[in-house]
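Student: Structure provided below as structure tokens; questions to follow.
Laboratory data are not the source of any read-out in this text; all were calculated from the coordinates shown. Since the model is a prediction, treat every value here as computed from it, not as a measurement. Counting neighbours? That spans all protein chains shown, and the Cβs are built from the backbone with ideal geometry, glycine included.
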Amino acid sequence: MKAYLLNIIGWMLLPFMDGIAKYLSSEIHFMQVVWGRYFFMFFITLTISFIFFRKYLKWPLNINIQLVRGFLLFITTILFFYSISVISLPEALTLAFISPIVVTVLSIFILKERVGIHRWIAVFTGFLGVLIILRPGFNEINFASISALLAGIIYALFLIYTRKLSFTDSPLVTLIFTGFVGTILITLIIPFYWINMNLNHLLLLLLLATIGSVGHFLIILSLKLGEASKLAPLGYFEIITNIFVGFSFFGYLPDIYIYTGLILIVSSGIYIFIREQKKISNN
């Protein structure tokens, strides 16, 4: 139960980060938003870890996977932040929401997890709910749309490697390495895109990084406690706070399609949760 709760909270925090990123992308270059996301994330997690959790800081046992995982999230962040700087959050999220389905597929081959028909039904039911809510019109296929789709696919692989690391490295170490890899890579790129920022921009970047750090830490921790394919449908809970952010920041008002989709999304997550709890009780 703890894994499910942590996973849901983690996912529901991330749209606040995305909303801030979209707002900032209208005032500064989106690559600077990526820089802020990683630089402040690394600074925050490393500082807090040294002050409060120093005894848990150990060199990762799986350094190669840590580096690959960090690189995957870095590419995902660039692709998704670029997409939301051009197209709307709903359009970008619709395409990126391919990730739970990809996670379920990849978990079979990479993690050797067994995925039954009921879990497949839950995943596709949740995705159907997303489509009903966002009703994307993909008449024009542009690079921003392709970027969002690729972000969802690569993010799925990132989650699979997160699950693999959960068997060897602590969530805190994994989170620190996430920030470390991204900070190194974006530092090499950012001089080509840098423009002057004001104090408000920096404070919003700090807030964005804080939200992202907490959200990803909770997701990493949940994947240490539960199987990736079982937790995959819960990623659809992100749409709930996405609706809130869309309304609060960009004036997007819910309609009947949103409420219908929400029922399907929440139902898919609850169904998986109840079914897994029954299996645990029977064992």
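Student: What 222 nm value per residue comes from the helices of the chain, counting each DSSP H run with n ≥ 4 as -39,500 (n - 2.57) and dividing by all residues, nearest 500 deg cm²/dmol? The partial results should precede the final answer.
Tutor: Details: 12 runs with 221 residues, N = 283.
Dividing the helical sum by the residues of the chain leaves -26500 deg cm²/dmol.
Student: What list do you get for Glu27, Glu238, Glu113 if you sort them by fewest beta carbons within 10 Å? Before the final figure, lay out each step's value.
Tutor: Working: Glu27 14, Glu238 24, Glu113 18.
Ranking Glu27, Glu238, Glu113 by Cβ neighbours within 10 Å, fewest first, gives Glu27, Glu113, Glu238.
Student: In nanometres, what is the gap between the two model label sites at Lys58 and Glu27, each 7 Å from Cα along Cα-to-Cβ?
Tutor: 4.4
Student: Could you pull out every whole DSSP H run in the chain that spans at least 24 Å of Cα extent along its own axis and averages -1.0 or higher on the Kyte-Doolittle scale? Provide the component values of the computation, followed by the final result.
Tutor: Details: long enough: 2-25 (35 Å, 0.88); 30-52 (33 Å, 1.58); 63-86 (35 Å, 1.71); 117-134 (26 Å, 1.95); 143-165 (32 Å, 1.57); 171-189 (28 Å, 2.21); 199-225 (39 Å, 1.89); 256-282 (39 Å, 0.74).
Helices meeting the span and hydropathy rule in the chain are 2-25, 30-52, 63-86, 117-134, 143-165, 171-189, 199-225, 256-282.
Student: Looking at region 36-122, which chymotrypsin sites (Phe, Trp or Tyr not before Pro) are in a loop (DSSP not H, G, I, E or B) and have at most 15 other Cβ atoms within 10 Å?
Tutor: Listed in order of number, the matching sites are Phe53.
Student: What nm value, rounded to one decimal, do you get for the distance between Leu199 and Phe143 when each label is placed 7 Å out toward the C-beta?
Tutor: Taking the two extended label points, one gets 3.7 nm.
Student: Then there is this: Using a Gaussian network for the chain with springs between C-alpha atoms less than 10 Å apart, which of these wobbles most: Phe217, Phe127, Phe249?
Tutor: Looking only at Phe217, Phe127, Phe249, the largest GNM fluctuation is found for Phe249.
Student: Check cross-link reach from Lys112 to the lysines: straight Cα distance under 18 Å, and skip same-chain residues fewer than eight apart.
Tutor: Counting by Cα, and skipping residues close in sequence, Lys112 has these lysines nearby: Lys164, Lys224, Lys230.
Student: Further question: Using 0.36 nm per residue of separation minus the Cα-Cα distance, give me the extension gain between Phe249 and Phe71 in nm, one decimal.
Tutor: Roughly 61.1 nm would be gained on extension.
Student: Give the label of the value calculated from the structure for P(r) over Cα pairs in 10 Å bins from 0, in percent, choosing from [x] 7, 29, 37, 22, 5, 0, 0; [y] 6, 25, 28, 17, 12, 8, 4, 1, 0; [z] 7, 29, 31, 19, 11, 4, 0.
Tutor: Of the listed options [x] 7, 29, 37, 22, 5, 0, 0; [y] 6, 25, 28, 17, 12, 8, 4, 1, 0; [z] 7, 29, 31, 19, 11, 4, 0, [x] comes from this structure.
Student: Under 10 Å, Cα contacts only: if you run a Gaussian network model on the chain, which one of Ile184, Ile195, Ile63 comes out with the highest mean-square fluctuation?
Tutor: Among Ile184, Ile195, Ile63, the largest GNM mean-square fluctuation belongs to Ile195.
Student: If I take every Cα pair under 8 Å that is 6 or more residues apart in region 2-282, average their sequence separation and divide by the length, what percent do I get for the relative contact order?
Tutor: Relative contact order, region 2-282: 41 percent.
Student: Run through region 160-211 and list the chymotrypsin sites (Phe, Trp or Tyr not before Pro) located in a DSSP loop whose Cβ has at most 13 other Cβ atoms within 10 Å.
Tutor: Phe167, Trp194
Student: Arranged by the count of other C-beta atoms within 10 angstrom, fewest first, what order do Leu185, Leu79 take?
Tutor: Neighbour counts put them in this order, fewest first: Leu185, Leu79.
Student: Thr187 versus Arg114, label points 7 Å from Cα toward the beta carbon: distance in nm?
Tutor: Calculated label separation equals 4.7 nm.
Student: How big is the gap, in Å, between the Cα center of region 174-251 and the Cα center of region 23-79?
Tutor: Spelled out, the Cα-based centre of one part sits 9 Å from the other.
Student: If you don't mind, another one. Taking the chain as a Gaussian network, Cα atoms linked when under 10 Å apart, which of Thr47, Thr178, Thr94 shows the biggest mean-square fluctuation?
Tutor: With Cα springs under 10 Å in the chain, the top fluctuation among Thr47, Thr178, Thr94 is at Thr47.
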